Each structure stands twice: as C-alpha cells, then as structure tokens.
Amino acid sequence: MLSASRGGRADPQDPSLCLRYFSVNAITNTRPDTLAGVSPAEPVIRLEQVTKAFGPAMALADLNLRVPSGQITVLLGPNGAGKTTAIRTITGAFNPDSGVIRVFGVDPALQGREVRSRCGVVSAKPSLYDRLSGRDNLRYAAELHGLGRGSGVDARIAHCAGRFGIDDALDNQVGGYSTGMKTRLALARSVLHQPELLLYDEPTSGLDPESSHAVLDLIREMTDDGSTVVMCTHLLLEAEGLADQVVILQDGTDIIDGSPGVLTKRFWPEAMVRISTDDPVALDALARHEGVVSYERADRVATLHLDRPDRVPDLVFALTAAGARVTRVEPHEPTLEDLYFAVRQASGHTRLGAVDGSTV
Amino acid sequence: MAKTTVAPVRQPLVWMHIRTVARTDLKQLAQARDYWIPMVILGVLFFVVVPAVLLLTITQISSVDAVAQLSQVLEILPKSAASQIPGDTGSGRAGYALAVYLFAPVAVVVPITICTAVGAATIVGERERGTGEFLAHSPAGIREIFLGKLLASLIPGYLTTVIGFGVYALIVNTIVGPQVGGWFFPTKQWWVLMLWVVPPFLALTLSLVLRLSAKVKSTAAAQQASALVSLPLIMVAYSQATSSLYGGDEVSWYIGGIAWLLATVALWRGVRSVTRARLLGVADEQ
C-alpha cells in the first residue's frame, strides 16, 4: 500500500527507515476494543491519502493515519506540520479536499454530529468563555453534548472538576483563572460526556513544567478508562514515555509511524554503548573487536554499535587487558528526540514548515 | 485541485442546542455591563425621556397661538389618520398625533440598533476569543449555532423594545389620556406594528449582520460593516412603520408579510454563511 515517493518525502524503499504504513497491526493493543460500532480490527481513526489545501497552501498532503483503540497516539511535528488540521478533519470541522476519513467507522464529513458527540477536544488555546464561571462553561458543554441539566449533570461536573483539581474555583469567572487552571478546566470539559476518543492539540501549551507534568499524568490516566487519545505536540519530551504510538508529520504528510520502541529498534537495531577511558589508542582498538558494528570516538568517549548487548563485558575486558582505565560504561538508549531528528534527517525534511489551517 | 463533494446527512434541528447557544450568549451579555448599559440608556432615552418631555410640553401649553400652531401638525397627517384622532382640545389632539403617529420610528430604531450592536460581534467574537474552536468541535449543528446566535441577538433588542413600549404606553396614557377621553394606547395599528412588522425587520437586519459577522476578520470591522448595512434598513423600516400606522390595518399586514418573506430568504441564506471553518477562523474553506 505504499505510495509513490514524492520530493522531500522519505523513501519507502530505504531499509534504514521504518516508513509510513508501518503496520500498526504489529503493535499490540493494550486493551480490547470496546467501542460501539467499531470492530476490533478497525482502528478508531483511519485517514487515507487525505489532502487539504487552504488556497495555495497545502495543509495536509496525502496524510495517512491509523489510530488504534485504547492507546495514546502522539502526532509529532514542527509548527505547520498539519497536526491541528488533522485534528480538525477528524472531527469533521474541516472537510478534506480528497481522501478517506473514517472515525468510529463513519465519515465525519457526512455524520459529523455522531463523531463529535463521541469526541472530547482540547485545543492549544483552551477555548473557554472568560465571562462565564467554570461551572457555566462545563454546563454549556454538557448541554451541547445532550447531557441536559439537573442534579445528575451537576454531580458529573463536580466529579470531572474534582478529577482535574479545579473544583474549588468552579464558581469563579474563567477570566480570572491562571493558564494552568484554564487547561485543567478544558480537560475536564473534554471528558464530561465520557467520550471514547480524546483529541488534544498541544494541551500543555503555555504551562509551566510542573503543570505540564500534571496534565500529562492526567492524560495518561484517561487511557485507563478505555479512552483512545490522540495528542499533538512539538515537544518531544512530552511524547517520551507517554506515546503508545508516534506519528511524525512534516509538511502535512506522515513520514513515519509506530510505537517508539519498535521505531527505535528499526533505526538502531544494534545495541549501543558509550565507553570512556583515559587511553584513546586502546579505545580505537575496539573498532576491530568482534561484534562491533560501528565505532565513533569523540575525545576519550567512544560510541559503539554492537551486534549483541552481551559483547559489553568482552569490550571492557579487552580495554583493561590493554592497560586502559575504564572510567565509564553507559548503555545508550536512543530517545524519541534522537528518533525524531534521525527521521527528519533521513526523510530530507530539515526545514520548518509554515502551513497550517490555524494560520491561514 | 478538484474537491471531493460530499452531501452531509441533513439532520433535524435540535432545539436544545439552539436554546443552549442562545442562553449562553445571553448570559455572557448579562455579564458584560459595558455592553448592556448603553442599550438601556438608548431605550430610556427614546421610549421615556424624549416622549415624556415632548408630550408634557405640548399638553401643558396654555397659549392659544401656540396651540393653534400645534394643531397645524395634524394637517400633515393623511386624512384617514387625522379623522381617527379623538379629543376636543388642540393640544390633546396634537399629543395624540405625536404619540400614535410620530413616534412610530422609535419602535424600529431602538431594536434594530441594539440587535445590530449585539449581532455584529457574535460570530466574529467567538473566533477572536478562540471559543469558535469549541463550537466547531461540538455536536451542535451549524444551523443550530446560527439560530441560537440569532435569538441571542434578537432578544435583547426586542425585549428592550417591548419593555420600552409598555413604559411608553403608560407615559402616553398618563399624559395625553385625560385630554382625549381616557387611555387609548396602544392602538390596534401599534399592536400590529410591534407584533407583525417590527420582528421581520429585526430578523432581516440580523440575518445580514450575522452574515457579516461570519465573514469579516474582526469585531471592529463587523461593527462598521453592520452599521453601514443597518442604516438603510433603519430608513426602510422607519418609512414602512410610518406607512403601516398611517395606512391602516391592510397596509400593515401587507408590509409585515413582505418583510417576513424577505426575512425568511435572508435567514435561509444567512445560515449558509456560517461554517465550522469560519468559526475556526479559516476563510476559504468551502
């Protein structure tokens, strides 16, 4: 199902890359699919060859995306990569110019109400009514989602507000909230109607590190309830440890997707180790040692790719036998940041994009 | 690039969504004192202060010459209207004419001005505050959002006018009533004007104003454009309201009927001007 390679896009034939259309079926679902109307085999979100242009600017260019149920999928990419436009197309707020979109098995352009009633969305700006109280903001959302009014809804509001730690401020005007409180209120609003799909577009935007951390913890908790989460971010540290699946976007197209662990293994199949000694000559001798796939040295620190992790004791032994004093042996685990830049470099995308629905 | 044409499933209107959007907008308006105080001042000025001062002045005049001059006011009225004026004194008849015929435009100018002021900011305001994103991702349909916002813009203006109308009736009857044989206001033509002629003119104005609000880039631009649109509409409504009072029942029904027809077409077209993309601030999404 690979499409023709286009200018600037990663080459699907490149064996060093785990490219787009990486089989998400290979990723084990952490929990059974319980969504009504969606068969377990069907992803909650399926985008195929979706394009969307705003005048001459392409916001989405043949975007493909498959979001499995009950997992956190993180859309990574620089500003203007098409993350926000993707979210807006998923809810049916934008109609695509071409391509196929299925959310819960239906087309949001045709059955938008059905899709939107099962989604909870938090945008980069919290989209709250400053003149209203927090409670009124939540009541507004509850009514639009058909929860109605009354004590049952008020109890639900109190529960959600409590979960996000803003129950004490519910009766204050939102205009007086801090950025962190606004984000928490927006998160509470997004789960009020117990949606099956949560779409978070840079939810930690403008938050201090402590608040960001708390928000990310809350997002992680949501998948415990069986929800599927799609989160957009350009902050790699946020995605690290949170994502079950990452999709890297660039210029409106997906250039790679898969679980961080699997992708890292694809990029760096060999074990990596960093060894520091006081003897660069002995260190260089390791380049010819059995099992060493590649070798790089910067000053007195060498980075080695090994065919097997159990080669490390042999290397240390070789160094000590040569009389070198080993000062540090450190297994190197590539981070999502390493992966992100490696993918972007390999795909030829190193410039920053400028196209996004929100800026057109 | 050829766009994929899709025909969304036409879903029935959910009245709860319309009510919710309208109620929330009205709640926000109520919180914005700087917004509604000028409306109240406008209503008080036109429905209370100006009529009270003028009617008191006319009915309290004792000079015979002045009363004779005032009586000439009656000559500018059509004969059919003039013949309906009761009373024996010139000042009483002049007061009646002023109350029933010459203040008719007030019933139009006040609600249109208020509705325009509220309506101009309603959609572009959502976009400017970023709350359009919330609405765009909500299950509420575009028609429901449009109608909710229309109601929220219509209610303050019409409510001010209805309350002002009640107060105006009280003032007129108190000041002029004793001179023309008792309470006489509202006359039948005024009821028709308030219930049949004014509402479609408001709907017509608002459908244009909301369309502008959906299309322009800022609230300031919406207010300027709305003022330009509402000015000729005020003039048309002014003349039609006056004709309605002067021309008798039949004319009122015809004018109201035509206005309803135009308002229906304008509303139908107005609904189509609002899109989720416009709520999000993206202009060229179809």
Item to check | One residue from A:187, A:132 being surrounded by fewer than 22 Cβ atoms within 10 Å (Cβ to Cβ) and in contact (Cβ under 8 Å) with a residue 40 or more places away in the chain | outcome: A:132
Checklist entry - So which of A:157, A:166 is crowded, with 17+ Cβ neighbours inside 10 Å, over 15 Å from residue B:25 (Cα atoms) and modelled with pLDDT of 95 or more? => result A:157
Checklist entry - Take the residues of the range B:136-150 that are touching a helix residue (DSSP H, G or I) at 6+ places or on another chain (Cβ under 6 Å) and more than 8 Å from chain A (Cβ to nearest Cβ): which is farthest from residue B:34 (Cα to Cα)? => result B:143
Item to check | Residue among B:172, B:282, B:180, B:274 that is within 14 Å of chain A (Cβ to nearest Cβ), surrounded by 18 or more Cβ atoms within 10 Å (Cβ to Cβ) and more than 22 Å from residue B:154 (Cβ to Cβ) | outcome: B:282
Next on the checklist: Need a quick list: strands (runs of 3 or more DSSP E) entirely within the range A:173-277 having at least 3 residues that are aliphatic (A, V, I, L, M) and farther than 26 Å from residue A:134 by Cα.
Outcome noted: A:245-250, A:271-277
Item to check | residue A:242, sole failed condition from (1) within 12 Å of the chain's Cα centre (by Cα); (2) under 18 Å from residue A:341 (Cα atoms) | outcome: (2)
Checklist entry - Could you list, in sequence order, the residues of the range A:251-300 that are surrounded by 15 or more Cβ atoms within 10 Å (Cβ to Cβ) and free of Cβ contacts under 8 Å to residues at least 12 places away in the same chain? => result A:295
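Is the range B:91-102 home to any residue that is within 14 Å of chain A (Cβ to nearest Cβ) and of a type outside the set (Gly, Ala, Ser)?
no
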Next on the checklist: Given the condition of a type in the set (A, V, I, L, M), under 22 Å from residue B:253 (Cα atoms) and in a helix (DSSP H, G or I), answer yes or no: does some residue in the range B:135-152 qualify?
Outcome noted: no
Checklist entry - Picking from B:71, B:62, B:80, which residue would you name as being over 30 Å from residue B:11 (Cα atoms), away from every other protein chain (no Cβ under 14 Å), assigned to a loop (DSSP other than H, G, I, E, B) and at pLDDT below 75? => result B:62
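Conditions tested, residue by residue: (1) more than 9 Å from chain B (Cβ to nearest Cβ); (2) assigned to a strand (DSSP E or B).
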site: A:64; (1), (2): yes, yes
site: A:74; (1), (2): yes, yes
site: A:78; (1), (2): yes, no
site: A:81; (1), (2): yes, no
site: A:89; (1), (2): yes, no
site: A:92; (1), (2): no, no
site: A:101; (1), (2): yes, yes
site: A:108; (1), (2): yes, no
site: A:127; (1), (2): no, no
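Residues of the range B:141-153 being over 12 Å from residue B:206 (Cβ atoms) and surrounded by fewer than 24 Cβ atoms within 10 Å (Cβ to Cβ), which ones?
Residues of the range B:141-153 that are over 12 Å from residue B:206 (Cβ atoms), as a first pass: B:141-145, B:148.
B:141, B:142, B:143, listed by residue number.
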Checklist entry - For the range A:103-117, which residues satisfy the criterion of being surrounded by fewer than 24 Cβ atoms within 10 Å (Cβ to Cβ) and of a type in the set (D, E, K, R)? => result A:107, A:113, A:114
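The values are calculated or read from the model by the stated rules, or taken from the named source; none is laboratory data. Because the structure is predicted, anything quoted here is derived from the model rather than measured. Every residue, glycine as well, gets a Cβ built from its backbone with ideal geometry; the counts of neighbours run over all protein chains shown.
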